[in-house]
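Values quoted throughout were computed directly from the atomic coordinates according to the rules given, and no laboratory measurement underlies them. No experiment lies behind these values; they were computed from the predicted model shown. Counting neighbours? That spans all protein chains shown, and the Cβs are built from the backbone with ideal geometry, glycine included.
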């Protein structure tokens, strides 16, 4: 596994993600209060503690690189439009899964260069699993203390006769049903997988799933780190309409509907 890329010491970055995950699990193991932000999305002490751990690491190790985090005050586009390189962070992706205590939440840290995710770490604290993607180098999965295993996506889903479709545990809907029905009309057999947070993208990256269509709203920090993993594993995260890769640091940080294939 690569140790340094794009000026980033990968071991330190993985350590920061694991520390943030430990802070989350401290809260996960006891009772906690739930707040609601202006958009009615939930916020917990775990989101805040994870963000504090990640921000402390990034400010200490990479003081010249700006950060967009879901839990920070958002920087206006007039300021960040000139950023050629920045961190994009979701300290706790899947807060609803965290609240439901189903374990399917992640820590997401990505480095973006010229609108493209070039390094991404997705950490699944409950199972102590890390997904790492580095542009032009590869993608790896680290389980506990075992050796890193390189991962690669499988064949394009429409080349298969049996297709594993992964969708959101919290945000599935009629569009996903229509997507599956369209595949079945083409004579394909479909297995339906459900998962939370950015784990859905990682399942495609490691070929545990074949395609992930997303018709619900997501923000850039929800997808960026896992997008790096997907791309490094040889798959794509594409705008559902334009068929172009998702880009980052847009005037509005909302993603379009997309497909991971």
Open item on the list: On a full-extension model of 0.36 nm per residue, what is the gain between residue 182 and residue 59, subtracting their alpha-carbon distance, rounded to one decimal in nm?
Closed with: 39.5 nm
Open item on the list: Taking every DSSP beta bridge with both residues inside segment 1-114, roughly what % is antiparallel (nearest 5)?
Closed with: 80
Task: Residue order, fewest to most surrounding Cβ atoms within 10 angstrom, among 86, 98 - done: 86, 98
- [ ] Determine, from the Cβ-Cβ distance of residue 193 and residue 25 and an R0 of 30 Å, the FRET efficiency 1/(1 + (r/R0)^6), rounded to the nearest 0.05.
- [x] 0.75
TODO: Assign one of three labels to segment 157-260, namely rounded, prolate or oblate, based on the Cα gyration tensor with a ≥ b ≥ c the square roots of its eigenvalues; rounded applies when a/c is under 1.5, prolate when it is not and a/b is larger than b/c, and oblate otherwise.
DONE: prolate
Open item on the list: What distance in nm separates the two pseudo spin-label positions at residue 48 and residue 247, each 7 Å out from Cα along the beta-carbon direction?
Closed with: 3.7
Task: Relative contact order computed over segment 4-150 (Cα-Cα under 8 Å; 6+ residues apart), in percent - done: 19
TODO: Mind giving me the FRET efficiency for residue 2 and residue 238? R0 is 25 Å, r the Cβ-Cβ distance, nearest 0.05 is fine.
DONE: 0.45
- [ ] Could you list 10, 109 in order of exposure, starting from the residue whose Cβ has the fewest other Cβ atoms within 10 Å?
- [x] 10, 109
Open item on the list: Full-extension gain between residue 145 and residue 162, please, as 0.36 nm times their residue separation minus the C-alpha to C-alpha distance.
Closed with: 2.8 nm
- [ ] Sketch the reach of a paramagnetic label on residue 84 as a point 7 Å from Cα along Cα-to-Cβ, and name the residues of segment 44-70 whose backbone nitrogen lies under 12 Å away.
- [x] none
Task: Ellipticity estimate at 222 nm from DSSP helix runs (n ≥ 4, -39,500 (n - 2.57)) divided over the chain, nearest 500 - done: -9000 deg cm²/dmol
Open item on the list: Given points 7 Å out from each Cα along the Cα-Cβ axis, report the residue 9 to residue 35 separation in nanometres with one decimal.
Closed with: 3.3
Task: Shape call, segment 4-150: gyration tensor on alpha carbons, a/c limit 1.5 - done: oblate
Task: Neighbour-count order for 107, 67, fewest beta carbons within 10 angstrom listed first - done: 67, 107
Open item on the list: Below 8 Å, C-alpha to C-alpha, sequence gap of six or more: please give me the relative contact order for the chain in percent.
Closed with: 17
- [ ] Note the angle between two axes, namely the Cα long axis of helix 10-28 and the longest principal axis of the Cα atoms of the chain, as a number of degrees from 0 to 90, rounded to the nearest 10.
- [x] 90
